[in-house]
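The values are calculated or read from the model by the stated rules, or taken from the named source; none is laboratory data. These figures come from a predicted structure and were not determined experimentally. When we count neighbours, we look across all protein chains shown, and the Cβ atoms used for this are built from the backbone with ideal geometry, even at glycine.
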Amino acid sequence: MWADFIGNAVAVERLRGLAARGGGGRTLVLAGPEGVGKTTLAAMYGLALNCQAPPAPGEFCGACVGCQAALPQAELAGAIEAAIEHRAAEVKGNAREAAPLRVALHPAVLLYPPDGDYLTMAQARAVIHQTQLQPDAGRTWTLILPDLDLARWTTQSALLKTLEEPPPRVALVALARNPLGLLPTVRSRALVLALPPTPAAELAAGLRRLRPALSAQEAELLARLAAGCPGRALRLDLAAYRHLRADALGLLAEGRAGGPAASVFRLSESTRGSKEKFESLVEILYSVLQDIVYLHSGLPETVRNVDVLAELQQQARSWTAPGLAAAVTGLDELQAAARRNAFRPLGLASWALSLGARA
Ligand SMILES: [Zn+2]
């Protein structure tokens with residue numbers, strides 16, 4: 001049901017209205033940041049177009065033969081990830097050309113995730129081919145193209161005619177973080193729906209509706225950490241986050257104080273084997289430093305890590321503006337080096353130890 005979606009009520013209403021009118025023969029662009037719910041909304045739109053017993057116009061029931069054929073909402077992200085992983089293991093030589101990546105969310109709802117870094121020409125050809133096939137009776141092909149803004153312009157051009165005028169029983173839904181990355185001709189021929197981040201209070205309320213076990217404080221913290229994006233909030237493991245954040249705060253405090261270095265090296269060692277943990281730690285360090293910058297700028301209401309406000313305020317007193325700027329620059333360099341696969345733990349340790357030397 002559309003009511004399960006958190007935030008962006010205006011866009012949801014618009015999609016429900018379009019689904020009530022049939023949706024085929026039209027191209028939509030859903031534009032918004034990562035985690036705001038573009039894929040989820042596109043999948044829901046496909047279900048609404050293919051529900052055989054809509055309880056209200058443009059709604060989907062979740063129980064009819066059509067809805068039952070869909071992948072459960074909760075398995076969506078996992079299925080996409082699994083398909084991409086399977087793909088990465090499978091691709092040898094020109095397999096990418098021979099079998100363009102796609103994931104069926106439902107027999108009539110097909111998703112074409114970037115095969116590699118972006119939608120490939122082979123996928124674009126597969127999309128065009130798909131639009132020329134007849135769906136089963138009562139069904140509407142809903143073809144979802146994530147990150148179309150990242151696709152090369154030649155690929156977008158190849159899709160232009162199809163995007164401009166899909167057949168009557170085909171709905172095309174392009175997803176984009178930055179709609180300016182789409183060819184102007186794609187933008188002008190599609191209906192673009194903007195999906196801005198959801199205000200923290202609304203997101204927190206939505207999270208508690210979906211997960212009644214969350215406390216009000218936890219929901220608010222998740223909403224702020226996720227910067228208004230429900231998908232990010234739902235993926236965040238709060239216990240693991242808090243654990244790693246405690247390490248990050250310790251690292252910052254010790255580094256700023258100029259030692260002792262014991263925990264710095266311990267943390268460096270523990271992230272040595274895990275790229276993922278290292279990346280999470282760096283992300284949390286950014287978020288904590290950003291909060292300290294907010295406190296320095298007299299914007300305590302903007303702080304994301306609200307549950308450790310007192311500790312952040314205490315740390316903020318030991319920092320100067322140039323010191324913070326240098327720390328962020330150092331973190332940028334560290335992250336860039338990690339992307340080039342430089343020796344990560346040592347980088348993290350020397351970054352932390354350099355914090356105290358700064359003004
Ligand atoms: Zn149904």
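Does Arg14 count as basic (Lys, Arg), surrounded by fewer than 17 Cβ atoms within 10 Å (Cβ to Cβ), more than 16 Å from the ligand (Cβ to nearest atom) and more than 14 Å from Val170 (Cα to Cα)? Spelling it out, Arg14 is indeed basic (Lys, Arg), surrounded by fewer than 17 Cβ atoms within 10 Å (Cβ to Cβ), more than 16 Å from the ligand (Cβ to nearest atom) and more than 14 Å from Val170 (Cα to Cα).
Determine whether Leu203 is modelled with pLDDT of 95 or more and surrounded by 14 or more Cβ atoms within 10 Å (Cβ to Cβ).
Yes.
Looking at Leu119, Leu133, which is the one that is among the hydrophobic types (A, V, I, L, M, F, W, C), touching a residue at least 12 places away in the same chain (Cβ under 8 Å) and not in a helix (DSSP H, G or I)?
On the way: Leu133 fails: touching a residue at least 12 places away in the same chain (Cβ under 8 Å).
When all the criteria are applied, what remains is Leu119.
Any chance the stretch 102-109 includes a residue that's more than 16 Å from the ligand (Cβ to nearest atom), part of a helix (DSSP H, G or I), on the phi < 0 side of the Ramachandran plot and surrounded by fewer than 17 Cβ atoms within 10 Å (Cβ to Cβ)? So far as the stretch 102-109 goes, no, none of its residues is more than 16 Å from the ligand (Cβ to nearest atom), part of a helix (DSSP H, G or I), on the phi < 0 side of the Ramachandran plot and surrounded by fewer than 17 Cβ atoms within 10 Å (Cβ to Cβ).
Put simply, of Pro33, Pro54 the only residue that is of a type outside the set (A, V, I, L, M, F, W, C) and away from the ligand (no atom under 13 Å from the Cβ) is Pro33. Do we have Gly78 as without any contact (Cβ under 8 Å) to a residue 40 or more places away in the chain, away from the ligand (no atom under 13 Å from the Cβ) and part of a helix (DSSP H, G or I) here? For Gly78, the condition - without any contact (Cβ under 8 Å) to a residue 40 or more places away in the chain, away from the ligand (no atom under 13 Å from the Cβ) and part of a helix (DSSP H, G or I) - is met.
The rows are residues; the columns are (1) over 26 Å from the mean Cα position of the chain (by Cα); (2) assigned to a helix (DSSP H, G or I); (3) at pLDDT below 80.
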position: Pro260; (1), (2), (3): yes, no, yes
position: Arg266; (1), (2), (3): yes, yes, yes
position: Tyr286; (1), (2), (3): no, yes, no
position: Gln290; (1), (2), (3): no, yes, no
position: Glu311; (1), (2), (3): yes, yes, no
position: Ser318; (1), (2), (3): yes, no, no
position: Gly323; (1), (2), (3): yes, yes, no
position: Gln335; (1), (2), (3): no, yes, no
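From the list Leu183, Leu172, Leu234, which residue is closer than 26 Å to Tyr118 by Cβ, modelled with pLDDT of 95 or more and either out of contact with any Leu (no Cβ under 8 Å at 6 or more places or on another chain) or surrounded by 18 or more Cβ atoms within 10 Å (Cβ to Cβ) (or both)? When all the criteria are applied, what remains is Leu172.
Quick one: which residue in Ala63, Ala3, Ala43, Ala48 is assigned to a helix (DSSP H, G or I), within 14 Å of the ligand (Cβ to nearest atom) and either under 22 Å from Pro197 (Cα atoms) or without any contact (Cβ under 8 Å) to a residue 24 or more places away in the chain (or both)? It would help to see each step written out before you state the result.
Details: Ala63 fails: assigned to a helix (DSSP H, G or I); Ala3 fails: within 14 Å of the ligand (Cβ to nearest atom); Ala48 fails: either under 22 Å from Pro197 (Cα atoms) or without any contact (Cβ under 8 Å) to a residue 24 or more places away in the chain (or both).
Matching residue, one of Ala63, Ala3, Ala43, Ala48: Ala43.
Just checking, how many residues over the stretch 19-70 are among the acidic types (Asp, Glu) and surrounded by 17 or more Cβ atoms within 10 Å (Cβ to Cβ)? Steps first, answer last, please.
Restricting attention to the stretch 19-70, the residues satisfying the condition of being among the acidic types (Asp, Glu) are 34, 59.
Filter once more, keeping what is surrounded by 17 or more Cβ atoms within 10 Å (Cβ to Cβ): 59.
Within the stretch 19-70, residues that are among the acidic types (Asp, Glu) and surrounded by 17 or more Cβ atoms within 10 Å (Cβ to Cβ) number 1.
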